[in-house]
1. Could you estimate the translational diffusion coefficient of segment 31-171 from the Stokes-Einstein equation, with Rh from the Kirkwood formula over C-alpha pairs, at 10 °C and 1.306 mPa s, in whole µm²/s?
2. Apply the Debye scattering formula to segment 105-171, with a single equal point scatterer on each alpha-carbon and no solvent, then give log10 I(q)/I(0) at q = 0.25 Å⁻¹.
3. Probe radius 1.4 Å, ligands and nucleic acids ignored: give me the carbon and sulfur share of the accessible area of segment 32-136 as a rounded percent.
4. Among the listed pairs 81/154; 19/50; 96/128; 34/154, give every one whose C-alpha distance is greater than 28 Å.
5. Tell me the angle of helix 31-41 to the major Cα principal axis of the chain, expressed in degrees between 0 and 90 and rounded to the nearest ten.
6. Highest first, please rank the peptides 22-32, 58-68, 72-82, 123-133 by the mean number of other Cβ atoms sitting within 10 Å of their residues.
7. When the Debye formula is applied to the Cα atoms of segment 1-110, each taken as the same point scatterer, what base-10 log of I(q)/I(0) results at q = 0.11, 0.19, 0.21, 0.24 Å⁻¹?
8. Between residue 160 and residue 145, what is the label-to-label distance in nm when each label sits 7 Å out along the Cα-to-Cβ direction?
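The values are calculated or read from the model by the stated rules, or taken from the named source; none is laboratory data. Note that the structure is a prediction, hence the values are computed from the model and not measured. Cβ atoms come from the backbone with ideal geometry, glycine included; neighbour counts cover every protein chain shown. To get the accessible areas, we keep the full protein, side chains included, count just its heavy atoms, and leave off ligands, DNA and RNA. Shrake-Rupley method; radii C 1.70, N 1.55, O 1.52, S 1.80 Å.
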Amino acid sequence: TQMEFINPDTLGSFQAFQKEFLWPIEKNNDEVAKARLFGRIRPFFLRRTKEAVAPELPGLSDQVFFSEMSVAQQKQYERVKSAARNEILSLFADPKTRFMALQALTRLRQLANHPALADDEYQGSSGKFDDVLAQWETLRRAGHKVLFFSSFEKHLQLFRREFEQNGYAYA
């Protein structure tokens with residue numbers, strides 16, 4: 001899907017891609033098909049390591065935190081998930097279903113981050129948003145700087161609004 005978006009027809013039609021690459025690789029672990037596929041996509045990928053780009057940066061440290069959705073957020077998420085599932089199942093033979101599934105998954109991702117991303121009228125809280133702010137507050141008090149990343153620019157705008165309302169410095 002990404003290659004079709006970046007450079008249409010590089011991998012042929014979806015049916016040709018399935019026949020030439022997807023099925024042989026997934027079903028038979030075909031190394032020749034893997035090599036042919038990699039040969040076609042290699043010119044489109046540039047991989048550089050952090051050490052090559054910015055060796056002075058410290059090593060990456062990860063901490064995984066799990067957040068529970070707020071009650072209102074969970075209700076809205078479940079409602080949208082059920083509606084999307086029912087709609088996709090009812091249209092399963094329709095080619096538009098794939099696009100609808102992608103739309104539904106994107107909407108569910110938005111709801112999981114903060115329902116305000118998908119619903120401008122939403123006034124409730126978000127478990128993830130609240131947890132991120134709590135973790136950020138701990139790090140801020142310790143004098144650390146934090147980078148916020150999101151797939152959704154609107155999500156970052158929610159943080160911006162929160163910071164501005166509380167007089168926190170940010171860039």
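1. 84
2. Values, matching the q order: -1.23.
3. The nonpolar share, carbon plus sulfur, comes to 58 percent.
4. Long pairs (Cα-Cα over 28 Å): 19/50; 96/128; 34/154.
5. Value to nearest ten degrees: 60.
6. Output ranking for 22-32, 58-68, 72-82, 123-133: 123-133, 72-82, 22-32, 58-68.
7. Reported log10 I(q)/I(0), two decimals: -0.71, -1.03, -1.06, -1.19.
8. It is 1.9 nm.
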